[in-house]
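Read the structure below first, then the notes.
The values are calculated or read from the model by the stated rules, or taken from the named source; none is laboratory data. Bear in mind that the values here come from a model prediction, so they are computed numbers and not experimental data. Cβ: placed from backbone, ideal geometry, glycine included. Neighbour counts: every protein chain shown.
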Amino acid sequence: MSVFKRKNSPYFQYDFQLQGVRFRGSTGKTSRREAEFEERARKEDAARQIERHQTADKAFRGQGDLTLSAAVARYWQEKGQFLAGSDTVWKNLERMVDHFGAATNMADIRDADVAAWVALRRGEKAWGKDKTARIQNGTVNRTTVDALRKVFGHARTAWKIRFPDEPTWSNHRLKERETIGAEVKRVDQVAIANKMGDGYRDMWLFALATGLRLAECFVSWSQIDMGGAKATLVQKGGGERQVILGRAAMAILAAQQGRDETHVFTYVCRRRGGKNANKKLVLGGRYPVTYTGLKSAFRRAVARIGLNVRFHDARHTVGSAMTRVKGLKAAQRQLGHARIETTAKFYSHVLDDELRDALDAAIPHISPHSAESERDNKLKQKRKKT
């Protein structure tokens, strides 16, 4: 079937089958010619997917070595694409295959190989910073050791494949600096928003209204229940959780309606020559906000103001406010922590501050000097009486 339009959508849709597998969806194009080009690209991509899956199936049936490329393709199909921040997951998987090689047998990846990869990644320069800045240990862990460990772990649990010389992952994780987030003052929240462009500003305000992580803010309309004022999110481990949306969040979402049929947050292209998901942008066109685009927009905004604020501090601001008003249990539910101990670790200091303020208000302060003066006055009065 060629491209076609539905009554309730301005975009052409595609719907085709390859080797018994059905592929369908929106082309995101309003022109038939552009939609047909998009459909052709989707068919080529579908053919590559099927080829990778066939190679993987042979390995899983014991008809060949389990190559890293085959394992990554199946891991992505079964789990990776459903994880929070799936775009970042895919980039990490691509980086993994590029480093070790697509044809590398997973059983041949051992401790020495992982150690060399970590050292190489550790020496890379941090993007957008001065020439001497290196990638932080946490980023190295997430993009190398943790990413590869998850593929190995999925192979063990889902495919029942054992690796006699599997790397000892704990030996390769670098020590990370533990940071406690800071609350963002109201005046700074507004100042940052005013320095961010259309779409990016809305996502910053949405994070401040919900406490979502940066990756969780990339929601689609299928995840939003406008009537029930709830959002269904994919958690870090791949499970789902529901988040309550307050009036502020609902107002932000209402302002996005009608802009894109799939993605909630979009922006208008203001300059020529840009790219979005490797596609050339059209001046004045509206496109989904990307992960790297949002991080760059936020970094530029705080730099212009001269603030030392992270995007994640929006989450800490919401968590602190929830703890202060409704307690740790309410904060745990809104933030999606599996264990109350995690919430207490980062937000119990808020309750300590509240208790300290209550003590100061309830119990008058008596300094040593005032205590001595009070005693001396009592002695003088006693002498006068005698």
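Quick notes on this structure:
- If you check VAL350, VAL318 for being out of contact with any Phe, Trp or Tyr (no Cβ under 6 Å at 6 or more places or on another chain), at pLDDT below 90, surrounded by 13 or more Cβ atoms within 10 Å (Cβ to Cβ) and in the same structural domain as ALA209 (by TED's automatic domain parsing), only one passes: VAL350.
- Considering each residue of segment 159-174 in turn, none proves to be touching a helix residue (DSSP H, G or I) at 6+ places or on another chain (Cβ under 6 Å), within 21 Å of MET250 (Cα to Cα) and in a helix (DSSP H, G or I).
- Residue under evaluation GLU372, criteria (1) modelled with pLDDT under 65; (2) of a type outside the set (Phe, Trp, Tyr); (3) surrounded by fewer than 10 Cβ atoms within 10 Å (Cβ to Cβ), criterion not met: (3)
- Those residues of segment 233-249 which are exposed (fewer than 14 other Cβ atoms within 10 Å of the Cβ) and either within 23 Å of ARG299 (Cα to Cα) or at pLDDT 90 or above (or both), in sequence order: ILE244, GLY246, ARG247, ALA248
- For ALA231, the conditions (1) in contact (Cβ under 8 Å) with a residue 24 or more places away in the chain; (2) under 18 Å from the mean Cα position of the chain (by Cα) are fulfilled apart from (1).
- Test: residue in segment 189-203 that is out of contact with any Lys or Arg (no Cβ under 6 Å at 6 or more places or on another chain), among the small types (Gly, Ala, Ser), farther than 17 Å from ALA255 by Cβ and at pLDDT below 95: no
- Elements of type helices (runs of 4 or more DSSP H) contained in segment 1-103, each with 2 or more residues being modelled with pLDDT under 80 and crowded, with 18+ Cβ neighbours inside 10 Å: 32-60
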